[in-house]
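Student: Okay, handing you the structure first.
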Amino acid sequence: MITIGSSNEEIEGASTIGMTPATKSHLELQIKTLRNAPRDPDKLERILKLKRKQKEETMERKDTEILVTEIEMLKVVLFLVCRNIKGREE
C-alpha cells in the first residue's frame with residue numbers, strides 16, 4: 001500500500017529521497033482517484049466521458065494537469081474492472 005503521510009517527519013523523509021511537492025501532490029491525486037473511483041464499468045465510462053469533456057473545455061494548465069491525472073487513473077480502474085468481469089465469465 002502506498003501512503004503519503006502528513007506528519008512533519010514523513011514529509012521531511014520524502015523530501016530527503018527527492019520527492020518534490022509537485023510529485024507528492026500528483027501521487028496524492030492518483031491515490032485519491034483510485035480509492036474513490038466506482039467499480040461499475042458503466043459509471044466509469046460516464047465519468048471518463050465527463051472528465052474528457054472538462055479537459056477539452058478548461059483553459060488553465062493546472063486544471064488540465066489534474067484532469068489528465070484523473071483520466072489516466074480512471075482508465076486504469078476501468079481496465080481492471082473489465083478484466084475482472086471477463087475473468088469471472090470464463
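Student: Return the residues of segment 46-61 that are under 15 Å from the mean Cα position of the chain (by Cα) and more than 12 Å from residue 74 (Cα to Cα); say none if nothing qualifies.
Tutor: 55
Student: OK, next. I need a count of the residues in segment 38-90 that are among the hydroxyl-bearing types (Ser, Thr, Tyr) and either part of a helix (DSSP H, G or I) or closer than 20 Å to residue 27 by Cβ (or both). Even if it seems obvious, please write down each step before you answer.
Tutor: In the first step, residues of segment 38-90 are kept if they are among the hydroxyl-bearing types (Ser, Thr, Tyr); the result is 58, 64, 69.
The next check asks that each one be either part of a helix (DSSP H, G or I) or closer than 20 Å to residue 27 by Cβ (or both); those that pass are 64, 69.
Summing the residues that are among the hydroxyl-bearing types (Ser, Thr, Tyr) and either part of a helix (DSSP H, G or I) or closer than 20 Å to residue 27 by Cβ (or both) in segment 38-90 gives 2.
Any read-out appearing in this document is the output of simple, stated calculations on the displayed coordinates, not a laboratory observation. Source: prediction; values computed, not measured. We place every Cβ from the backbone using ideal geometry, glycine too, and count neighbours over all the protein chains shown.
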